[in-house]
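The values are calculated or read from the model by the stated rules, or taken from the named source; none is laboratory data. Computed from a predicted structure; not experimentally measured. Every residue, glycine as well, gets a Cβ built from its backbone with ideal geometry; the counts of neighbours run over all protein chains shown. Only protein heavy atoms, including side chains, enter the accessible area calculation; ligands, DNA and RNA are left aside. Shrake-Rupley method; radii C 1.70, N 1.55, O 1.52, S 1.80 Å.
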Amino acid sequence: MSRRTATWATSRARLSSEIPRRLLGLLSFSRHPEPQTSVPPETEATLDSPQKPRSPRWPWAWLRSVRRIPGVLLVLLGCLPGLVAVPVLALSARSAESSVAVHFGRASPATHRAPRPHIVPRAVWLGTAGRTQPPPRYDDKVVAVFLHHTDSPGDYDCRDAPEIIRRLYAGQTGARSWDDIGYNFLVDRCGTIYEGRAGGTDRAVTGAHTQGFNHRTAGIAAIGTFTAGVPVPRAMIDAIAALAAWKLGLAGIDPRARIRLVSSNSLSRYQAGTPVTLPVLAGHNAGFMTSCPGAALTARLPEIREQAARLQGRTTLAWPIGTP
């Protein structure tokens, strides 16, 4: 055996015996760097010799560099994925909570829209009694509804409802000098819904029904007088609930909630500029000093609110107070 062959065999044996020792050192995560040892001259000469393929030294160099890293740093590097995962999981949890809040809170307008009930146009009851009046005024949306009664006889035939509305219109535009009938909608004892004030049933027409709170609200008048002890027809209750559910649903408003409004007139229950929290579906007497809509109809308001919410497909009330 030649001297060069013997030297190559010796180097391979040394490398083979060195592997277990280096692996044990790597697993121990020693904090102290490996003592530097010089490579025997003959090994250097042999490994660099052009007659033999160069041994791949880079794996051993990598192992040596890893061993020089302090143990504490290695532990921190090993924990890095876990440390990164903690804030990621926290952010995911917050995102999930936000999604739940949006789902059960103030829903988007398209989420809880109720079907539009049939509404008889004002031309049916107005006939030729119309008068020249200024253009209608509008708000951006309807966020609350006030319920009224017309304080007129309640034992009428439903076929006479258009004539009753026409007389109301004549009184409000005549003796009171209003530009139009004040109510946005009227409902008779048979459950028929009539368009009241001009401007479009699906728009936020500014009415003249609740002094101090006409903006961003709609007025619904029950035709008749509903003082204490007067029965409220089932058909009328159903129609009012359906109308309120549809009108409030256009803005995504829950009929069972409460909402913050600002008085615009000191002749109301509150001085002008006063912010007031009222039911979304309220009686006229919530905003003005009056007994309207009567004790009998006022007592049915909780039922009407619940029925309107069901028509919107709501089951949970998560935001009791809203800011329009």
- Message: Can you pull out every residue in segment 117-149 that is in a loop (DSSP other than H, G, I, E, B) and under 24 Å from PHE213 (Cβ atoms)?
- Response: PRO117, GLN133, PRO134, PRO135, PRO136, ARG137, ASP139, ASP140, LYS141, VAL142, VAL143
- Query: ALA241: closer than 21 Å to ALA308 by Cα and in contact with an Asp or Glu (Cβ under 9 Å, 6 or more places away or on another chain), yes or no?
  - Reply: yes
- Message: Considering only residues that are in contact with a strand residue (DSSP E or B) (Cβ under 8 Å, 6 or more places away or on another chain), modelled with pLDDT of 95 or more and of a type in the set (A, V, I, L, M, F, W, C), which ones fall in segment 265-324?
- Response: VAL276, LEU278, VAL280, LEU281, ALA282, ALA286, CYS292, LEU297, LEU301, ILE304, ALA308
- Message: Given the criterion farther than 15 Å from LEU147 by Cβ and touching a residue at least 40 places away in the same chain (Cβ under 8 Å), identify the matching residue among GLY252, GLY219.
- Response: GLY252
- Test for GLY199: is it within 27 Å of LEU261 (Cβ to Cβ) and in a loop (DSSP other than H, G, I, E, B): yes
- Checked segment 150-167 for anything among the β-branched types (Val, Ile, Thr) and part of a loop (DSSP other than H, G, I, E, B); matches are THR150
- In segment 203-225, how many are open to solvent by less than 10 Å² (accessible area, probe 1.4 Å) and in a loop (DSSP other than H, G, I, E, B)? 7
- Message: Take the residues in segment 239-264 that are open to solvent by 50 Å² or more (accessible area, probe 1.4 Å) and in a loop (DSSP other than H, G, I, E, B); name whichever of them is farthest from THR210 (Cα to Cα).
- Response: LEU250
- Failed condition for LEU281, given (1) surrounded by fewer than 24 Cβ atoms within 10 Å (Cβ to Cβ); (2) touching a residue at least 40 places away in the same chain (Cβ under 8 Å), with all others met? (1)
- LYS141 meets each of (1) within 21 Å of the chain's Cα centre (by Cα); (2) within 23 Å of GLU303 (Cα to Cα); (3) modelled with pLDDT of 95 or more with one exception, condition (2)
